[in-house]
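Read through the structure below, which is laid out as structure tokens, and then see the notes.
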Amino acid sequence: MTRLDPVAAEGPFAIGQLALPFYSDAHRALADDLAAWIARERSSIAAIAELPRAEGARAMVRALGDHGWLEIATEGDMQSVCLCRQAFAWLEDLCDFAFALQGLAAFPLRQAGRGALVADLASGRALGALALTERGAGSDLAAVTTRAERTGEGFTLSGEKAWIGHAGVADIVVTLARTGGGGAFGLSLFAVPGAAPGVTQSPGPEMIAPRALGSIHLQDAAVPEAALLGAEGLGFVTAVQTIDAFRMSVGAAATGFARAALQAAVSHVRQRRVEGRALAERQLVKAALADMAVALNTAELSVAQAAWEWDRGVATAATRSSLAKLHASEAAHQVIDMAVQLLGAAGLAVNAPTERLYRQVRSLRIYEGTSEMQRLAIGQAVAAGQL
Ligand SMILES: Cc1cc2nc3c(=O)[nH]c(=O)nc-3n(C[C@H](O)[C@H](O)[C@H](O)COP(=O)(O)OP(=O)(O)OC[C@H]3O[C@@H](n4cnc5c(N)ncnc54)[C@H](O)[C@@H]3O)c2cc1C
């Protein structure tokens, strides 16, 4: 029998997780690096999270860039991206958020061979944003109305993007805009400088969990021909590939949040005494802990499986990515809610770890494709005999 690893027992990864055949020695070394970095930088990351939103976002990206983590976000395999997101979400929501946004912005740039811009995102010198959503086009991205008109030298973009991570601080805004007729194949992607004339970034509104998020208004924003990423009319396809790849990593972040909640709950029920005995000795409490462990364990496995398939180009990888995101984000919500319940009133005090996790995990069932959209995609694949 393998010895329990005390670091793993209290850290972001499940006991035995890294021993699974999904992971290589390089992933095991990465997990050790993550654990060591977290132990060293924990208080400085917590201090960055308390800074005003824009300043904090820049400082978080710099901290991640300084250690080289953003090279994984922008160019790493998905198994490594998922390990990072599991660890960063366990540590601090805003750390995971900054890491994910750099990766999301870099993916289409990498596909289009824009190595210099990817390097800026990987170093933390530049903050990236992926601007797909509009007030009238979220789940149905083919309804995007932001327009890109051809000019002699390039394009001018006009429209408004909503709910965009890093809006207010983004240096490179990868923007989905309409270059052709209606529908998905009228859309193209552009790398728009965040400070270009005609680009206005507005933070807000404040969300349930504080993050650098807002709107990006484009008013005749002129960009050169070179800003077009890939072929005209294929922007939707690249946007979908980007989200397909990163969707499972939302599941990974969910498991990081959930593990932190489970650990808080275990610590509480061991200490809290009711009627002369620790809560942990009560059968109903054990049943709750069992349900939490089952939900978290299956979530971690579904994420590992999806990333393993993605990194090998398996045909079912995109559907598994949806499955991992759906299951892990829903399971994490359940685990965190149960942790709040086990802590009682103390679990709901503002800024108690469980109260923060309760707010932080909620948006994961909405962004990068809602739970309903994942069910539609998975159900369609199952009905077609593809899973
Ligand atoms: C914290 C956060 C960060 C985000 N960051 C970014 C970002 O960086 N870049 C970006 O581009 N976007 C970002 N978004 C936007 C996000 O991708 C969208 O919110 C998401 O795609 C859902 O779109 P919507 O909000 O317009 O909801 P809608 O599409 O209006 O959906 C509302 C409800 O209707 C349901 N619904 C929609 N269509 C169907 C259907 N066909 N059948 C059944 N039910 C349906 C949905 O499941 C949902 O429950 C972010 C959102 C949040 C909350």
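The numbers here are math on the coordinates, done by the rules we state, and not lab data. Small disclaimer: the values here were computed from a predicted structure and weren't measured. So basically every Cβ, Gly included, is an ideal-geometry build from the backbone, and we count neighbours across all protein chains shown.
The table that follows gives values for the structure above.
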| item | result |
| --- | --- |
| Enumeration of residues in region 23-40 that are farther than 22 Å from Ala306 by Cβ and either touching a His at 6+ places or on another chain (Cβ under 8 Å) or not in a helix (DSSP H, G or I) (or both) | Trp37 |
| Residue that is farthest from the chain's Cα centre (by Cα) [pool: residues in region 277-310 that are crowded, with 18+ Cβ neighbours inside 10 Å and among the acidic types (Asp, Glu)] | Glu309 |
| Identity of the residue in region 357-376, more than 12 Å from the chain's Cα centre (by Cα) and among the aliphatic types (A, V, I, L, M), that ends up surrounded by the most Cβ atoms within 10 Å (Cβ to Cβ) | Leu357 |
| Selection from region 56-94 of residues that are within 27 Å of Ala299 (Cα to Cα), among the acidic types (Asp, Glu) and in a helix (DSSP H, G or I) | Glu71, Glu75, Asp93 |
| Options Gly194, Gly165, Gly214: the member that is of a type outside the set (D, E, K, R) and away from the ligand (no atom under 11 Å from the Cβ) | Gly194 |
| Region 200-226, residues that are hydrophobic (A, V, I, L, M, F, W, C) and crowded, with 22+ Cβ neighbours inside 10 Å | Ala212, Leu213, Ile216, Leu218, Ala221, Val223 |
| Exclusive hit being without any contact (Cβ under 8 Å) to a residue 60 or more places away in the chain and touching a Leu at 6+ places or on another chain (Cβ under 8 Å), set Ala278, Ala293, Ala339 | Ala293 |
| Hits in region 132-180 (condition: of a type in the set (Val, Ile, Thr), assigned to a loop (DSSP other than H, G, I, E, B) and closer than 16 Å to Ser202 by Cβ) | Thr133, Thr146, Val169 |
| Tally, over region 79-124, of residues that are hydrophobic (A, V, I, L, M, F, W, C) and closer than 27 Å to Arg356 by Cα | 18 |
| Qualifying helices (runs of 4 or more DSSP H) (wholly inside region 305-387; at least 1 residues being more than 16 Å from the ligand (Cβ to nearest atom) and hydroxyl-bearing (Ser, Thr, Tyr)) | 317-343, 353-360 |
| Criterion: assigned to a helix (DSSP H, G or I), buried (at least 24 other Cβ atoms within 10 Å of the Cβ) and either within 16 Å of the ligand (Cβ to nearest atom) or β-branched (Val, Ile, Thr) (or both) - qualifying residue of Ala98, Ala129 | Ala98 |
| Enumeration of residues in region 168-188 that are away from the ligand (no atom under 13 Å from the Cβ), over 30 Å from Ala59 (Cα atoms) and crowded, with 18+ Cβ neighbours inside 10 Å | Arg178, Thr179, Gly186, Ser188 |
